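Report on one structure; see the data block that follows.
The values are calculated or read from the model by the stated rules, or taken from the named source; none is laboratory data. Remember, it's a predicted structure, so these values are computed and weren't measured experimentally. Cβ coordinates were reconstructed from backbone atoms using ideal geometry, including for glycine residues, and neighbour counts include every protein chain displayed.
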Amino acid sequence: MVQPQASKFHVAMFPWLAMGHMTPFLHLSNELAQRGHKISFLLPKKAKFQLQDNNLHPDLITLHGLAVPHVGGLPHGTETASEIPIYLNGLLATAMDLMRDQVEESLRDLKPDMVFYDAAHWIPELATDIGFKTVCYKVVSAASVAIALVPARYPSSTVVLRGHEARALSFIALEFGSGISFYERTTTSMKQCDVIAIRTCQEVEGPMCDYIGDQYGKKVLLTGPVLPEPPKVPLEDRWAKWLDGFAQGSVIFCALGSQWVLEKNQFQELLKVAVEVERDENGWFSKESLSKGIKCVMDKYSEVGRLLKKNHAKWKEALVRPGYMDDYIDKFIDNLHEL
């Protein structure tokens with residue numbers, strides 16, 4: 001057990017070197033610090049300056065900038081995934097592994113009670129020597145983790161891979177760091193930790209989380225969505241002026257990550273299609289399947305449409321309940337105390 005339940009603990013964070021991972025790690029850090037816990041956040045030096053304004057509790061959250069060593073094939077000065085095309089991520093993983101000595105030295109000095117990580121599969125090896133608990137924190141959906149596992153007892157008959165999707169997933173077998181594949185890195189990280197944590201909700205992905213826990217033989221803790229607090233500072237003038245050119249509520253912010261850039265025709269297709277439709281094996285869908293999907297939802301006599309509306313009302317009631325996120329974080333902290 002880390003500490004008595006009423007006491008505060010010291011957490012170290014070392015996420016994958018991508019803004020899409022560091023940012024949710026910092027959101028969770030803010031929630032923990034809000035409840036009085038101390039956070040030591042290890043990240044690249046440039047990212048430290050990029051994220052420091054999102055540190056809402058600088059008295060309890062300390063950002064420790066680390067040097068990212070150069071690896072041949074990467075542009076000089078590369079520190080995060082947003083600076084390179086996605087096919088170079090494997091080399092960035094090599095650079096992260098070369099940071100092991102820096103991370104070890106920092107953890108020996110900091111003496112945290114536990115360390116949160118995701119891609120640094122060697123963190124549990126340091127834990128054995130230094131003495132801390134390990135939490136493999138997944139900021140992606142539980143479904144995306146579960147679908148790559150051995151399919152025994154897989155809990156869904158609808159969230160499955162079609163041919164073109166399976167081919168796209170083949171990257172997990174490629175090298176991601178020196179001498180290790182993406183799949184090996186991910187599974188080792190989850191096998192060797194003391195507990196798995198996922199940024200999701202029981203109401204939405206409960207069966208997937210149970211499946212992951214069964215496959216790895218570990219307890220899976222859920223943090224809830226961990227959404228950031230709305231910013232209190234005024235919007236930048238350039239964005240405020242730009243938004244003024246549109247009717248209120250007519251602009252949608254569509255973020256797919258810094259490494260995924262859609263062509264204009266792909267982006268417009270995303271906006272046009274708002275219902276689930278059957279696709280062919282190659283990923284295309286027909287006008288007939290689109291028409292069928294729309295009618296299933298919109299027809300007032302449709303059983304599918306009725307169930308969809310009923311389900312939507314159920315989720316809305318659960319997800320907008322006051323204290324929803326706080327309850328998840330408080331329970332998460334209680335579970336951490338039991339490690």
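Before we move on, is Pro234 surrounded by fewer than 19 Cβ atoms within 10 Å (Cβ to Cβ) and touching a residue at least 12 places away in the same chain (Cβ under 8 Å)? No; evaluated as a whole, the condition is false for this residue. Applying the set (1) under 21 Å from the mean Cα position of the chain (by Cα); (2) assigned to a loop (DSSP other than H, G, I, E, B); (3) modelled with pLDDT under 90 to Ser250 leaves exactly one unmet item: (1).
Here Ser170 fulfils each of the conditions (1) under 21 Å from the mean Cα position of the chain (by Cα); (2) modelled with pLDDT of 90 or more; (3) polar (S, T, N, Q) apart from (2). Taking region 50-81 only, how many residues are surrounded by fewer than 17 Cβ atoms within 10 Å (Cβ to Cβ) and either in contact with a Phe, Trp or Tyr (Cβ under 9 Å, 6 or more places away or on another chain) or of a type in the set (Ser, Thr, Tyr) (or both)? Total meeting the criteria: 2. In this structure, Val145 does satisfy being touching a strand residue (DSSP E or B) at 6+ places or on another chain (Cβ under 8 Å) and either part of a helix (DSSP H, G or I) or over 18 Å from Lys219 (Cα atoms) (or both). Against the conditions (1) within 27 Å of Pro225 (Cβ to Cβ); (2) free of Cβ contacts under 8 Å to residues at least 24 places away in the same chain, Met22 satisfies every one except (2). Counting the residues of region 74-117 that are under 25 Å from Val135 (Cα atoms) and either β-branched (Val, Ile, Thr) or assigned to a strand (DSSP E or B) (or both) gives 7.
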